[in-house]
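What follows is a single structure, written as structure tokens, with notes after it.
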Amino acid sequence: MPVATMQGREIHVDEEGFLTDPTEWDEELAKQLATNIGLELTDRHYEVIRFARADAAEQGETPTLRRMQATGGFPTKELFQLFPKKPAKKLSYVAGLQKPVGCV
Amino acid sequence: MRRLLVLGAGTAGTMVVNRLRPRLPRDEWEITIVDQSEVHHYQPGYLFVPFGTYEPEEIVKPRRRLIKDGVRQLTGVIEEVVTDAHLVRLADGTELPYDQLVIATGTHPNPDETPGLAEPEAKQRGVHSFYTLEDAVALRDAMERFDGGRLVVNLIDLPIKCPVAPLEFAFLAEAWLRERGLRERTEVTYVTPLDGAFTKPLAARELGGMFDERGIALQPDFMLERVDLDEQQLVSYDEREVPFDLLVTVPLNMGAAYVARSGLGDELNHVKVDKHTFLADGHDDIFAIGDAANLPTSKAGSVAHFAVDVFVDNVLRHVEGLPMQERFDGHANCFIESGDGKAMLLDFNYETEPLLGSFPLPEIGPLKLLGESEANHLGKLAFRWIYWHLLLPGRPLPLATSMSMVGKRRPPAPSGNGSSTSPRDLQEVSL
Ligand SMILES: Cc1cc2nc3c(=O)[nH]c(=O)nc-3n(C[C@H](O)[C@H](O)[C@H](O)COP(=O)(O)OP(=O)(O)OC[C@H]3O[C@@H](n4cnc5c(N)ncnc54)[C@H](O)[C@@H]3O)c2cc1C
């Protein structure tokens, strides 16, 4: 497991850079992760991220876009505006969650 | 008398009752199976109907004869599982109490979840599918009339049953266009919400190469918002547009509506289960097997077969109050038709993605993995006979239940910088 140094501390990540331990995440780190992929976080981003993290903690897996809309009430269209082009992947990266398992 | 109740007499439900009847004493256990339909469809055959390879009557049989004596068969629409009362209610009001319930009602296309797909004029505007027999027949007729233009193959979202079927359709259609002399006049595009041709990296790479060889264009990361029937185009959530003359799409697949009504499902009405034992979350007397369950592996007949192998031994122990000993590993084994009389084979499970190499098959010989061959194509066609005569009756197949690494090989990992802190494809998206 690779280790990345961000904000002066060691963070465990997978080969692609996704956090492997969600407890190493905090909202400051999210800012840094967002910068890594060219995003600037607004309050609305944080609302989305907080829901995704709470849901993942409860369900044991990263929510899909469909679930974000159905259960969290975040319209897919808006998620595409907040996290352009690859919302599911970008959201999980910034939220410190596992990459959504591409359902086979 | 104790009661085992099975909901759905498709691939999984039929196998379950046929395998359990001989092993549960008749004076102790009554077995009942319920389905809304009197006929059983060989669904893998739907893929071949649009090309005229199979006639509809070749892939449909009356359900009654496929189920062993000693199993009570009922016809009716399941309305609700009343978990507290341990009974199932049918639409006609019949109540069926159970001691052990097995949900096997599968997953099914829901075109009305996507604006444009379920409109009455959709087919006239070139919007087709092959995920029901009726749709596959309508598509065959539309292809008969097709005279070139833009053919778009699409899937709305995952999971779908047989996730390789849209790929197979694209390969078969490309070969079919060549045969008909229409290839020069037709643009073929594959539009997918995934970031490549398939979910798993190695398979995505191999399949992507096959797209290039065939001149099939790939539109990845396409989350479809609606189908614009007037303009004949797909529109994504991020406002990309893909025009078509003939669209072949796979609508959103969802479990039966009663699953949600009964409080057993996820957002797509798939039953939440333990992925190794299929016991429904929070219930000791409910299992879900086959496409109906939310397992993180392919929804396919082959998976249902491997799952039933594990399930039969487990359930016999479970009903006696003993711990279940077998654990399902997510084993999936899928042939992919690639056109021109060839096919490839994928073999994988929860932990191991599809790899290259060969798949040992007793008596028949090794089959090539993740590569095209004629033997694989014959394997795929032989599957229809195997399905009716070995699989459904519950006879043994020459396939191991758990995935084996024999014959598999992994290509050397591409050397790159291992110190990345953000995914490469996200870095490339400059904003
Ligand atoms: C185009 C296509 C190609 C495929 N190709 C392959 C392939 O090559 N290889 C492979 O392994 N698999 C393939 N599959 C997938 C395979 O057919 C399914 O995975 C398999 O049939 C799943 O079995 P099941 O018992 O879970 O569901 P099903 O076989 O779909 O059975 C579900 C049953 O439940 C009944 N039912 C549903 N709701 C209700 C209700 N409310 N009340 C009463 N009855 C109800 C239905 O009538 C049906 O009989 C393909 C599927 C399709 C559509």
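The values are calculated or read from the model by the stated rules, or taken from the named source; none is laboratory data. Computed from a predicted structure; not experimentally measured. Here Cβ is always computed from backbone atoms with ideal geometry, including for glycine, and neighbour counts include all displayed protein chains.
One residue stands out among those in the range B:73-120 that are of a type in the set (D, E) and either within 14 Å of chain A (Cβ to nearest Cβ) or surrounded by 14 or more Cβ atoms within 10 Å (Cβ to Cβ) (or both): the one that is farthest from the ligand (Cβ to nearest atom), which is B:E119.
If you filter the range A:88-104 down to residues that are at the interface with another protein chain (Cβ under 8 Å from one of its Cβ atoms) and in a helix (DSSP H, G or I), you find that the one that is surrounded by the most Cβ atoms within 10 Å (Cβ to Cβ) is A:Y93. If we keep just the residues of the range B:1-39 that are without any contact (Cβ under 8 Å) to a residue 40 or more places away in the chain and within 13 Å of the ligand (Cβ to nearest atom), which is nearest to the other protein chains (Cβ to nearest Cβ)? In this case the residue turns out to be B:S37.
For every residue, the table says whether it meets (1) more than 11 Å from the ligand (Cβ to nearest atom); (2) under 19 Å from the mean Cα position of the chain (by Cα); (3) part of a strand (DSSP E or B).
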position: B:S302; (1), (2), (3): no, yes, no
position: B:F306; (1), (2), (3): no, yes, no
position: B:N314; (1), (2), (3): yes, no, no
position: B:M324; (1), (2), (3): yes, no, no
position: B:F335; (1), (2), (3): no, yes, yes
position: B:A343; (1), (2), (3): no, yes, yes
position: B:L346; (1), (2), (3): no, yes, yes
position: B:P354; (1), (2), (3): yes, yes, no
position: B:G357; (1), (2), (3): yes, no, yes
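Just to be sure before I move on: is B:D230 outside any helix (DSSP H, G or I), modelled with pLDDT under 95 and outside the structural domain of B:Q43 (by TED's automatic domain parsing) in the structure I sent? Against the criterion (outside any helix (DSSP H, G or I), modelled with pLDDT under 95 and outside the structural domain of B:Q43 (by TED's automatic domain parsing)), B:D230 does not qualify. If you go through the range A:61-78 and keep only what is within 8 Å of chain B (Cβ to nearest Cβ) and under 16 Å from B:D195 (Cβ atoms), you end up with A:T64, A:L65. Pairs are defined by a Cβ separation below 7 Å, a sequence spacing of at least 6 or placement on different chains, a first member in the range A:46-62 that is among the basic types (K, R), and a second member that is not in a helix (DSSP H, G or I); the pairs so defined are A:R53/A:A95; A:R53/A:L97. Restricting attention to the range B:121-134 and to residues that are assigned to a loop (DSSP other than H, G, I, E, B) and away from the ligand (no atom under 12 Å from the Cβ), the residue that is nearest to A:T76 (Cα to Cα) turns out to be B:A122.
The residue list B:L295, B:L361 contains one member that is in a loop (DSSP other than H, G, I, E, B) and outside the structural domain of B:P398 (by TED's automatic domain parsing), which is B:L295.
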